[in-house]
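The values are calculated or read from the model by the stated rules, or taken from the named source; none is laboratory data. Since the model is a prediction, treat every value here as computed from it, not as a measurement. Here the Cβ is made from the backbone with ideal geometry for all residues, glycine too, and neighbour counts use every protein chain on show. Just so you know, the surface numbers come from the protein's heavy atoms only, side chains and all, with ligands and any DNA or RNA stripped out. Shrake-Rupley method; radii C 1.70, N 1.55, O 1.52, S 1.80 Å.
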Amino acid sequence: MKNNIFVRVLSYLVPRTSHLVPRTSHLVPRTSYLLLLLALTSCEFEASNNGDLDGFWQMTQLDTVRTAGTTDMRDRHVFWAVQHHLFELKHPSGNIRRNIIFSFEHKGDSLILTDPIVSNRDSSDILVTSPDQLQDFPGIERMREGFLITTLDGDRMVLQSDRYNLHFRRY
């Protein structure tokens, strides 16, 4: 007999008996163990390493660094959603066909958004080809936008770019 895993599993499940009445009571526990083993090895669980960054965030305030101006953003419905490898900016109009999805890098106190696409759920996503397509999203003006994370805890996040300070609350 070859050293084949399937042959070994089958020989384990099917008893080698010469009885006229086959014994099947041992098959239930062995089959259950086999199914459990297959289920555990067939799935791969990938956990996010984003820590407190993961979640749904509402922009509450936008500060302009150059002029020291402050804008209350709570009524403007600016939301950012972070999950695993994706960073989604919800369009303020609520039109999900205009949401922007970024890839991102989060290392220490650095956050870099890259490769924006328009999330078009009815057909293929559309690659953002111009920063003009980002004009509806406060604090985002470039196709590659970098931030310093000055505050990030379970309730608040403050991101600082060379032009803005963006204040968020966990929603």
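Ordered by packing density, taken as the mean number of other Cβ atoms within 10 Å over each peptide's residues, highest first, how do 67-76, 92-101 rank?
92-101, 67-76
Report the Cα centroid-to-centroid distance between the stretch 49-88 and the stretch 94-171 in angstrom, as an integer.
Cα centroid of the stretch 49-88 versus Cα centroid of the stretch 94-171: 8 Å apart.
For the stretch 51-57, just list the computed ³J(HN,Hα) in residue order, Karplus coefficients 6.51, -1.76 and 1.60, θ = phi - 60°, integers in Hz, with x standing in for Gly and Pro.
Values, residue by residue: x, 5, 5, 4, x, 10, 10 Hz.
Under 12 Å from the Cβ of ARG163, count the other residues' Cβ atoms, weight Lys and Arg +1, Asp and Glu -1, and hand me the total.
-2
Per 0.36 nm of contour for each residue apart, how much would the distance between ASP109 and GLU141 grow if the chain were fully extended, relative to their Cα-Cα spacing?
Here the segment from ASP109 to GLU141 would lengthen by 9.5 nm.
I'd like to compare 124-133, 110-119: which one has the highest average count of other Cβ atoms within 10 Å, and what's the full order after that?
Result, highest mean Cβ count within 10 Å first: 110-119, 124-133.
Scan around GLN61 for amide H atoms under 5 Å from its own, H built in the peptide plane at 1.01 Å from N, and keep only partners 5 or more places away or cross-chain.
Those lying under 5 Å, H to H, from GLN61 are MET73, HIS167.
More than 18 Å apart: what percent of Cα pairs in the stretch 63-113 qualify?
Looking at the stretch 63-113, the distances longer than 18 Å represent 50 percent of pairs.
Skipping prolines and chain starts, which residues have an amide H placed within reach, meaning under 5 Å, of the one on VAL128, given they are 5 or more residues away or on another chain?
Counting only residues 5 or more places away or on other chains, the set is ILE117, VAL118.
Just add up the charged neighbours of VAL128: K/R +1, D/E -1, any other residue whose Cβ is under 15 Å from the Cβ of VAL128.
-3
For ASP132 and ARG169, compute 0.36 nm times the residue count separating them, minus their Cα-Cα distance, and round to one decimal in nm.
10.6 nm
If I model a spin label as a point 7 Å beyond the Cα along the Cα-Cβ vector, how far apart are those points for SER48 and SER93 in nm?
About 2.7 nm, to one decimal.
At a 1.4 Å probe, what is the % contribution of carbon and sulfur to the accessible area of the stretch 48-113?
47
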